[in-house]
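S.K.: Before anything else, here's the structure in question.
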Amino acid sequence: MIHPIYKKNNAKVKKLPDKVKTETWVEEIFYWIFSIGEQYSDYDFFLEKEKQLQSNLTELIDNVLTDTEKAQEIVKQLFAELETIHNWLEADLETVFNFDPAAKSRSEVLVAYPGFFAIAIYRLSHQLWKNNVPVLPRLISEYVHSKTGIDIHPSAKIGERFFIDHGTGIVIGETSIIGNDVKIYQGVTLGALTVSKDKAEEKRHPTIQNNVIIYANATILGGNTVIGSESIIGGNVWITNSIPPKSLVYHKSEIIIKNKDPFPEPLNFMI
């Protein structure tokens, strides 16, 4: 007799990309793109690694498409676009280095900045998403999420010279649109006002125009919400309506400081 759980699962089984191989590919493509490591001083090694990366990605895509020819076509297109993607990433990197006084070198940004790593891999997964590759772009983005605490949906549209500072807890939803020269700090959410399944095909996440800075823990929700260019969004604000260009939005809170001496010592107790 067939086990009932196996019977139910077997009816739903589909080929999926190997999780471990996907994570390995993500790490290797990042190091290859920026030639991180002494081995990349050897040009032959660089070219051989490119072939390996192409082959491994073809296998991962073929697992979800079950169409080797189509998978090869997508990989060929992605690698043909890598020079353009690399140029975008160099601009992202330069933005980090120029804007963050803590950044001491290009190498430091490459190997020690989770925000830059998240942006780099997003730009790759976004290309796969645009080519209608199922599952794999999400698997890639979730690996980055688990590693950095930064959750960028591969469908989101992000412009040039994007900067994420610190990064932990950032969420950028599926239909978000982010313009050029935008800077985002930790804990920022670009989310939806509704999570109803019947809204899946609608724009549910906000649009952030050019030259906007969004400080820590700001929450911006809604597909019709537009943050106008050159605005500054302060920390901890909650926004569900559009903001005109060149606005300053901030959360006003009251902090009270008193001398603690007049207060009695707290009682010691155990639970």
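The values are calculated or read from the model by the stated rules, or taken from the named source; none is laboratory data. Note that the structure is a prediction, hence the values are computed from the model and not measured. FYI the Cβ positions are ideal-geometry reconstructions off the backbone, even for glycines, and counts take in every protein chain you see.
S.K.: Only residues that are surrounded by 15 or more Cβ atoms within 10 Å (Cβ to Cβ), of a type in the set (A, V, I, L, M) and not in a helix (DSSP H, G or I): list them for the stretch 85-111, please.
M.R.: Result: Ala103, single match.
S.K.: For the stretch 142-201, enumerate the residues that are under 20 Å from Ile239 (Cα atoms) and among the aromatic types (Phe, Trp, Tyr).
M.R.: Scanning the stretch 142-201 gives a single hit, Tyr185.
S.K.: Determine which single condition Ala80 fails, assuming it passes every other condition in (1) surrounded by 14 or more Cβ atoms within 10 Å (Cβ to Cβ); (2) at pLDDT 95 or above.
M.R.: (1)
S.K.: Sticking with this structure for a sec: Taking the condition of being touching a helix residue (DSSP H, G or I) at 6+ places or on another chain (Cβ under 9 Å), exposed (fewer than 14 other Cβ atoms within 10 Å of the Cβ) and either under 21 Å from Arg106 (Cβ atoms) or touching a residue at least 24 places away in the same chain (Cβ under 8 Å) (or both), how many residues in the stretch 53-76 meet it?
M.R.: 0
S.K.: With at pLDDT 95 or above, under 14 Å from Thr95 (Cβ atoms) and crowded, with 20+ Cβ neighbours inside 10 Å as the only criterion, which of Ile178, Ile152, Ile172 stands out?
M.R.: On the way: Ile152 fails: under 14 Å from Thr95 (Cβ atoms); Ile172 fails: under 14 Å from Thr95 (Cβ atoms).
Ile178 is the lone residue from the list that is at pLDDT 95 or above, under 14 Å from Thr95 (Cβ atoms) and crowded, with 20+ Cβ neighbours inside 10 Å.
S.K.: Name the pairs: first residue in the stretch 115-129 and assigned by TED's automatic domain parsing to the domain that holds Leu57, second residue surrounded by 23 or more Cβ atoms within 10 Å (Cβ to Cβ) and among the polar types (S, T, N, Q), Cβ to Cβ under 6 Å, at least 6 apart or on different chains?
M.R.: Within 6 Å, the pairs are Ser125/Ser141.
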